[in-house]
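Student: The structure is given below, and queries will be raised subsequently.
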Amino acid sequence: MGASTAIASPRQRGGSRTGKGASPGRPRRARDDRRAAWLFLAPALAGFALFYAYPTARGVYYSLTDYSLLNDPHFTGTENYRQLIGDDQFWNALKVTGYYVVLNIGSQMIPALGLATLMHRLTRSVALRAMLLVPWLVPNVTVGLLWMWMLDANLGLVNHLLGAFGVGPTGFLTSPTWAMPTVAGINAWAYTGYTALLLYAGMLQIPRHLYESASLDGAGEWRMFTRITLPLLRPVLALVLVVSLIGSFQIFDTIAVTTKGGPVGATRVIYFYIYEQAFTYFHMGYASAVAVILALLLGVLTAVQMRLLRASRSDLA
C-alpha cells in the first residue's frame with residue numbers, strides 16, 4: 001500500500017508539472033494572436049468608422065433637424081418623418097423605384113442566367129468572358145450619354161434603323177411609357193455580362209460528375225438545369241439577387257444623364273428625389289430622413305430575401 005502510494009505520487013507530481021508547464025503557454029499565444037488580429041484590422045476599422053459609421057450617425061442626426069446647407073441645424077425631432085408620411089412625391093418616387101427594380105432585375109437575371117449556363121455547358125472561352133465584361137467597365141455616365149445619343153428621336157441610330165422597317169420615330173427617353181423600361185434596358189446592357197460572370201463562377205463550383213451521372217441516366221439539358229444547376233447555385237444566386245436589389249434601389253447616374261427624373265416624374269426614383277431635396281431645394285434635413293428610411297427599407301428587404309432564398313445553406317455536401 002505504501003509502495004503504491006510512492007509510485008503514484010511521482011506520476012501525480014509529474015502530471016501537475018506538465019499541466020503547469022503547458023498552461024501558461026496557451027493563453028500567451030492566444031493573447032498574441034488577438035493583438036496581431038486587431039493590428040491588421042485597425043486600418044479597415046478606421047476606414048469604416050471614418051467613411052461609414054460617422055457619416056451614417058451624422059445623417060441620422062441631420063434627419064432630426066431642419067438643416068438646409070444655408071443655416072445651422074436646429075433639432076426638430078421627428079418632424080421630417082411626419083412630413084415624409086404625407087409627402088405624395090416621396091411615395092411616388094418609391095413606387096417608381098419599385099417599378100424599376102422589377103424591370104432591372106428581370107431584364108438582367110434571366111439573360112445572365114442563360115449566358116452563364118451556355119458558358120458552363122458549351123464553352124469556357126476566356127475571350128468571351130472578357131467581351132461580356134467590357135460594358136461593365138464603361139462608366140455609367142458614358143453609357144448614359146452613349147445611349148441617349150443612339151436613342152434620340154431625330155438623330156439617333158436606333159430610330160434610323162426602325163425607320164428602315166417603316167416604324168416612326170419613338171421618343172424612348174421622352175415618353176412616360178417608354179422612359180423607365182428604356183433606362184432599365186440601358187443598365188441591363190451594362191450589367192448583364194458582369195452578372196453572368198458571377199453566376200458562371202458559382203456554376204464552376206458544382207461537381208462535373210453530377211452532370212455526367214445525370215447524362216448517363218438519360219437526363220436532358222433542361223432537366224439537369226432545373227434539378228442540378230439551380231438548386232446547387234442557390235447561395236450564389238441569392239448573393240447576386242441581393243446585390244442587384246441594392247444596386248437597383250441606388251440607380252442615379254443613368255437617370256441624371258438621360259431623363260433627369262422626367263418626363264413628368266416617370267423616372268424620378270428615390271435616389272434622384274433625395275438628390276433634388278438636398279442639392280436643388282437645400283432641404284438637407286428632409287433628404288437625410290428619406291435616406292434613413294431607404295436604408296431601413298433596404299435592410300428589411302435584404303433580410304427577407306436572404307431568408308426566403310436560404311442563402312446560408314447549400315445543397316453541396
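Student: Read through the list (1) at pLDDT 95 or above; (2) touching a Phe, Trp or Tyr at 6+ places or on another chain (Cβ under 7 Å), then give the number of the only condition that V96 fails.
Tutor: Evaluating V96 over (1) at pLDDT 95 or above; (2) touching a Phe, Trp or Tyr at 6+ places or on another chain (Cβ under 7 Å) leaves (2) as the failure.
Table: residues versus (1) free of Cβ contacts under 8 Å to residues at least 12 places away in the same chain; (2) outside any loop (DSSP other than H, G, I, E, B); (3) touching a helix residue (DSSP H, G or I) at 6+ places or on another chain (Cβ under 8 Å).
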site	(1), (2), (3)
T170	no, no, yes
M180	no, yes, yes
G185	no, yes, yes
I206	no, no, yes
P231	no, yes, no
P235	no, yes, yes
A266	no, no, yes
Q277	no, yes, yes
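Student: I'd like the residue in the stretch 275-308 that is under 29 Å from H74 (Cβ atoms) and of a type in the set (S, T, Y) and, out of all such residues, is most open to solvent (accessible area, probe 1.4 Å).
Tutor: Among those residues, the one meeting the criterion is Y281.
Student: Out of all the residues in the stretch 119-142, which are polar (S, T, N, Q) and open to solvent by 50 Å² or more (accessible area, probe 1.4 Å)?
Tutor: At the first step, the residues of the stretch 119-142 found to be polar (S, T, N, Q) are 123, 125, 140, 142.
Hits for the stretch 119-142 are T123, T142.
Student: Restricting the search to the stretch 222-271, which residues are of a type in the set (F, W, Y) and under 18 Å from the mean Cα position of the chain (by Cα)? Steps first, please.
Tutor: Narrowing the stretch 222-271 to residues of a type in the set (F, W, Y): 222, 225, 249, 252, 271.
Scanning the stretch 222-271 gives F249, F252, Y271.
Student: Can you say whether L70 is surrounded by 13 or more Cβ atoms within 10 Å (Cβ to Cβ) and either more than 26 Å from the chain's Cα centre (by Cα) or of a type outside the set (S, T, N, Q) (or both), as far as the supplied structure shows? Don't jump to the end; show me each part of the working.
Tutor: Numbers: surrounded by 13 or more Cβ atoms within 10 Å (Cβ to Cβ): no; either more than 26 Å from the chain's Cα centre (by Cα) or of a type outside the set (S, T, N, Q) (or both): yes.
No, not satisfied.
Student: Which of (1) closer than 27 Å to L308 by Cβ; (2) in contact (Cβ under 8 Å) with a residue 40 or more places away in the chain does D253 not meet, given it meets every other one?
Tutor: Failed condition: (1).
Student: In the set L301, L308, which member is in a helix (DSSP H, G or I), at pLDDT 90 or above and either of a type in the set (V, I, T) or out of contact with any Cys (no Cβ under 9 Å at 6 or more places or on another chain) (or both)? Working first, answer last.
Tutor: Details: L308 fails: at pLDDT 90 or above.
Residue meeting the stated conditions: L301.
Student: Can you tell me which of (1) closer than 30 Å to E221 by Cα; (2) modelled with pLDDT of 90 or more is the one M119 doesn't meet?
Tutor: So the condition that M119 fails would be (2).
The values are calculated or read from the model by the stated rules, or taken from the named source; none is laboratory data. Predicted, not measured: the structure shown is a model, and the values here were computed from it. Backbone-built Cβ (ideal geometry, glycine too); neighbour counts: all protein chains shown. Accessible surface areas use protein heavy atoms only, side chains included; no ligands, DNA or RNA. Shrake-Rupley method; radii C 1.70, N 1.55, O 1.52, S 1.80 Å.
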